[in-house]
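The values are calculated or read from the model by the stated rules, or taken from the named source; none is laboratory data. Keep in mind that what you see is a predicted model, and the values were worked out from it rather than measured. Note that we place each Cβ from the backbone using ideal geometry, even for glycine, and neighbour counts take in every protein chain shown. When the accessible area is computed, the model is the full protein with side chains, heavy atoms only, and any ligands, DNA or RNA have been set aside. Shrake-Rupley method; radii C 1.70, N 1.55, O 1.52, S 1.80 Å.
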Amino acid sequence: YKRGIQLTSFYLSGEFMPHVRMMTTGLENRELAKKFGLPYVVLRQTRPYDTTTLNYNWQVWETNAFSLYTTVTSRMDKESAKQGIQAILHFMYQEGILTEMAEPVPEKKVSVISDRDMVIARTKEAGFFEYYTKTGASVKKGDILARVLRPSDGEILDEVKAPVDGILFFLYTEPLVYAKTAVIKMIPAGR
């Protein structure tokens, strides 16, 4: 195949900024990824276990492989699903596979970023997880983004603060959290 699109999930429950993700195998095509019309293209550094994944093997066998992330990957969400479908149709239209689109996607700036540029905030304690922001929000270093509460009495055990100025890219959304869980991923300001 010339192109492969994987509708993917994530190992943590949460919400993302919509994006297309590609592994950096040396065969990735950034310009082609921009044709989905999503705000971000994320280049993910490969790890040894990736050699067993569909996306990696598509790329090494000369298929342009893309992992599509909509806002929600851990539950059914009609708006998020519509966004994914629209991105795929936009890609197909841009590539000449479709000759018409019922709802054209307005052209917008697409940022290409590396997963290594993202800054992660982790919990220090386990407990109930209460978050105060949404993906896409611009936050300042030190802003309180979430709290971890003791289940027995609701006492605050931990405050998760923005480690840098930037945009909230990923937000963990489950009501319970373990200690040392990556609950926030941010794109630092200026990236």
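Selection over region 8-34 of residues that are of a type in the set (Asp, Glu) and in a helix (DSSP H, G or I) gives a count of 1. Within region 164-177, the residues that satisfy the criterion of being in contact with a Gly (Cβ under 9 Å, 6 or more places away or on another chain), touching a residue at least 40 places away in the same chain (Cβ under 8 Å) and assigned to a loop (DSSP other than H, G, I, E, B) are Thr173, Glu174.
Residue-by-condition table, conditions (1) out of contact with any helix residue (DSSP H, G or I) (no Cβ under 8 Å at 6 or more places or on another chain); (2) part of a helix (DSSP H, G or I):
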position	(1), (2)
Phe36	no, no
Tyr49	yes, yes
Glu62	yes, no
Arg75	yes, no
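For the condition over 16 Å from the mean Cα position of the chain (by Cα) and more than 30 Å from Leu157 (Cβ to Cβ), Phe91 qualifies. When restricted to residues that are open to solvent by 60 Å² or more (accessible area, probe 1.4 Å) and hydrophobic (A, V, I, L, M, F, W, C), region 133-147 contains 1.
Table: residues versus (1) among the aliphatic types (A, V, I, L, M); (2) at pLDDT 85 or above; (3) farther than 22 Å from Gly136 by Cβ.
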| site | (1), (2), (3) |
| --- | --- |
| Ala33 | yes, yes, no |
| Gly37 | no, yes, no |
| Leu89 | yes, yes, yes |
| Val105 | yes, no, no |
